[in-house]
1. Put +1 on the Cβ of each Lys and Arg and -1 on the Cβ of each Asp and Glu in the protein assembly as shown; which of B:325, B:46, A:34 then has its Cα farthest toward the positive end of the dipole?
2. What accessible area per residue comes out for chain B, rounded to a whole number of Å², with a 1.4 Å probe?
3. Averaged over peptide B:214-223, how many Cβ atoms belonging to another chain are found within 10 Å of each residue's Cβ?
4. Work out from phi, with θ = phi - 60° and the Karplus expression 6.51 cos²θ - 1.76 cosθ + 1.60, the ³J(HN,Hα) of each residue of region B:11-17, listed in order in whole Hz, and give x for Gly and Pro.
5. Can you tell me how region B:331-385 classifies by the Cα gyration tensor, rounded, prolate or oblate, using a/c under 1.5 as the rounded cut?
6. In debye, nearest 20: dipole of chain B around its Cα centre with unit charges on the Cβ of K, R (+) and D, E (-)?
7. When Rg is the radius of gyration of the Cα atoms in region B:247-405 and Rh is its Kirkwood radius, what does Rg/Rh come to?
8. Take each of the peptides B:211-222, B:243-254, average the number of other beta-carbon atoms within 10 Å over its residues, and list them starting from the highest.
Amino acid sequence: MRLPLWVAVLLVLLVIGYAVPYLLLSDVEAWSGAFLFWIVFGIVVWIILVGRVARWDVHAPPPPRAPEPGGRRP
Amino acid sequence: MSATLIWAAIAFYAVAGLVVVALARRRLATGAEDFYLAGRHVGGLVSAASYAATTYSAFMMLGLAGLTYRGGVGALGFELIYFAGLALLLIFGPRIWLVGRRYGFITPSEMLGARYGSPLLAGLVAVLSCAFLVPYSSVQLLGIGYLLSGTTGGGITVETGIVLGAALAAVWTIGAGLRSVAWTDALQAIVILVTAIAALFFIIDALGGWGTFLERIEAERGPWLAQPGPGFFSFWTFVGLTLPWFFFAISNPQVSQRLFTTEDLGAMRTMIIGTLTFGLVFTLISILWGFSALLVVPELDNPDLATPSLLAGGNVPAVIAVPLVIGILAAAITTVDSIALTLASMVGRDVYPRAEPGSGDRRELLVGKVVILLVIAAAAFFASLRLDLISLLSVASSAALLVIVPTIIGAFFWRRGTATGALASILAGTATVLVLQFTGVRIAALPNPVISFAVAIAVFVGVSLVTRPPADRGAGFIDGIRDDLRRMRVD
């Protein structure tokens, strides 16, 4: 199974999200340090995720429903 | 803030909620699927507001603001790592929705039991969810107690707040099941976001405007803007807090069950976009709110009182402060009622039928309603014991549910996963959580959730490899939905 690109990008972003504030910004006692970094992190995550769901084909026909709850088991 | 004013606002909220519940009851049909999942017909906007309200609980304005007060900007990182974990909704949301629709599952535990061919697994997940989520609910009720007591200067006692929250949660849940829960959620989400934004602007204005606020924090609270800052967020503490929350969207059944309920994939998409947008804005508001408390009420012994103290201080006009108090109260209630409803469905479907085989739909619903009352009563009891620091206790419950995650991921992505592997993984992971929690033993510098999660993964993989997988090797969950996923262009 191939790892989708957006998942790979998100994983890299997560590593950066942990590393940068502790390694590079630990001495920056200003809003332009870890605060700004994480806000940008949050916005980039939002863009990646919203961008991906926007490409879902929501008009594709859905599969049939089970006749009753728990009625059809795999 | 006067207790009479708060009581009047609570009365208004209660009446509005009762009207919503009454309207929801008119739509209520018979059967467990309608009561617990609103017949799988929840539209996008209600799903979005309800999911956001359930996942972004009173923790935001109480616990997260308190965490900012205590540890600074690390609280923002913590919440945004959780936010990034909402990516799991893109991967598991459509899968859970598809198998729920195809096989008629009502609870996440029922789904896992069917996937691995083990009703025992379904029962175990249901029982453990109860054991872990009742303390989490009690934290929400305690939050209500602190909030009402703090904002009225003790005019309303903590105990009264707990009982009030429990009573309203019970009515909202039993009234019309998920319909009443989701509709009251949606109402609350709008109220809390609007009033929180307005309240923040009033507080910043009282501090002399945005420029002064930003300058004063840098000058007076510089360490709070760096990591590990004043000391609370050491690296391993940060990892220990964020790891369980990253997986919250699939580990916590009260939110993963919502993935069964959307009417179609478009509604799920709206739910995800709405939750992401709400989450990002609300996170920023809560963090700035916590920072503003550092300047307005700088000497608090208990950081969880930051928000009540800010609201009681008179800087926010009553016309904003009172609805915000009600919004936070309602946020805590929506989390409790969602948990009670989910636990009731799990016990009613996955535990009770094992004790009483052949019990029908009506009996299942009756048992579920009794469980709702028991869960809320137990949560109120634990809350009255006044356990410490809201945020840390919430995280502890989430850490415990983390041990179910390998089994959930395996259900959709690993054909070789077995029921024995899943049972052993959850039991070993839970035992590790409990031993580490109660003995206080530390292994190297590693936080407890990292260790219990590693144990759960290792046992799931190891035991699965030496036991026999289900005859169909999870075909219905992996190959059976592949074409649907491809057609819907879902990864």
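The values are calculated or read from the model by the stated rules, or taken from the named source; none is laboratory data. Source: prediction; values computed, not measured. Cβ atoms come from the backbone with ideal geometry, glycine included; neighbour counts cover every protein chain shown. Note: areas computed on protein heavy atoms with side chains; ligands, DNA, RNA excluded. Shrake-Rupley method; radii C 1.70, N 1.55, O 1.52, S 1.80 Å.
1. B:46
2. I get 32 Å² per residue for chain B.
3. 2
4. 4, 4, 4, 4, 5, 4, x
5. It is prolate, given that a/c is not under 1.5 and a/b is the larger ratio.
6. On the way: 29 positive and 26 negative charges, 286 e Å.
Once rounded to the nearest 20, the dipole reads 1380 debye.
7. On the way: Rg = 19.4 Å, Rh = 18.8 Å.
That ratio is 1.03, to two decimals.
8. Peptide ranking by packing, descending: B:243-254, B:211-222.
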